[in-house]
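Accompanying notes for the structure given below.
The values are calculated or read from the model by the stated rules, or taken from the named source; none is laboratory data. Computed from a prediction, not measured in an experiment: that's the story for all the values here. When we count neighbours, we look across all protein chains shown, and the Cβ atoms used for this are built from the backbone with ideal geometry, even at glycine.
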Amino acid sequence: MDVKPAFKPVAFSKIAPSCRSYTNRKYIMQDLDFDEVVSLICKEDGRFDRHAYHFLRQGLDATVKELKKRDTARAQKSLHVSGPELLAGLKDYALDQYGPLAKTVLNSWGVTRCSDFGDMVFNLIEYNVFSKTDSDRREDFADTYTFEDAFVKPFLPARPRTGATAPGAV
């Protein structure tokens, strides 16, 4: 997913209610800032907290930065991030930011599986915040990993201790 340039701030009250239709949405969203777009999305699709959208945007930025660092030739051109690349980057970003609480934090924002990130990405595409290629699809985000595997298992003990007895055991 590509990030569009920053939006020009416009007061929400200046937007006519008719601008919520898809036809007008594409053009009006160019004049809104990210917070205003997220507010509009959350009114239409209340599944995800606004913090989840901010996390997604910051996670995309971190993913792009990491991909450019790893592949200098790719850094020279406009960088498109595929669904699986974004999911891997979001996993790393969540673990970096929230550690063992990553799953809890994401769940509190309504994000419980990889496809939720895809739904959020496509909400932002619909509002002209992110762009996509012809080959990008929601299915690209279909359960690349489980949240249990990504955010819980890394913090579980590697293996149970052997030879240890429980307190009070004979």
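Of the conditions (1) closer than 17 Å to HIS80 by Cα; (2) out of contact with any helix residue (DSSP H, G or I) (no Cβ under 7 Å at 6 or more places or on another chain); (3) surrounded by 15 or more Cβ atoms within 10 Å (Cβ to Cβ), THR133 fails just one. Which one is it?
Single failed check for THR133: (3).
Conditions first: (1) at pLDDT below 90; (2) under 15 Å from the mean Cα position of the chain (by Cα); (3) not aliphatic (A, V, I, L, M). THR162 passes all but one, so which condition is the exception?
Of everything listed in (1) at pLDDT below 90; (2) under 15 Å from the mean Cα position of the chain (by Cα); (3) not aliphatic (A, V, I, L, M), THR162 misses just condition (2).
Condition (residue is in a loop (DSSP other than H, G, I, E, B) and farther than 25 Å from LEU95 by Cβ) applied to the range 140-158: is it met by at least one residue?
No: the range 140-158 contains no residue that is in a loop (DSSP other than H, G, I, E, B) and farther than 25 Å from LEU95 by Cβ.
From the list LEU124, LEU86, exactly one residue is touching a Ser or Thr at 6+ places or on another chain (Cβ under 7 Å), assigned to a helix (DSSP H, G or I), touching a residue at least 12 places away in the same chain (Cβ under 8 Å) and within 20 Å of VAL37 (Cβ to Cβ). Which is it?
LEU86
Given (1) modelled with pLDDT under 95; (2) touching a Lys or Arg at 6+ places or on another chain (Cβ under 6 Å), where does VAL38 come up short, assuming only one miss?
Here VAL38 clears every test but (1).
The conditions are (1) within 15 Å of the chain's Cα centre (by Cα); (2) under 20 Å from GLN58 (Cβ atoms), and ASP143 fails exactly one of them. Which is it?
(2)
Using the structure shown, decide if GLY99 is over 25 Å from ILE125 (Cα atoms), among the small types (Gly, Ala, Ser) and in contact (Cβ under 8 Å) with a residue 40 or more places away in the chain.
Taking the combined requirement at face value, the residue satisfies it.
Name the residue, out of ASP96, ASP61, that is outside any loop (DSSP other than H, G, I, E, B), among the acidic types (Asp, Glu), at pLDDT 95 or above and under 15 Å from the mean Cα position of the chain (by Cα).
Criteria check complete, one pass: ASP96.
Identify all residues within the range 106-128 that are within 20 Å of ASP61 (Cα to Cα), in contact with a Leu (Cβ under 9 Å, 6 or more places away or on another chain) and among the β-branched types (Val, Ile, Thr); write none if there are none.
VAL111, VAL121
Quick test for you: out of ARG74, ARG70, ARG50, pick the one residue that is at pLDDT 70 or above and over 17 Å from VAL129 (Cβ atoms).
So the residue among ARG74, ARG70, ARG50 that is at pLDDT 70 or above and over 17 Å from VAL129 (Cβ atoms) is ARG70.
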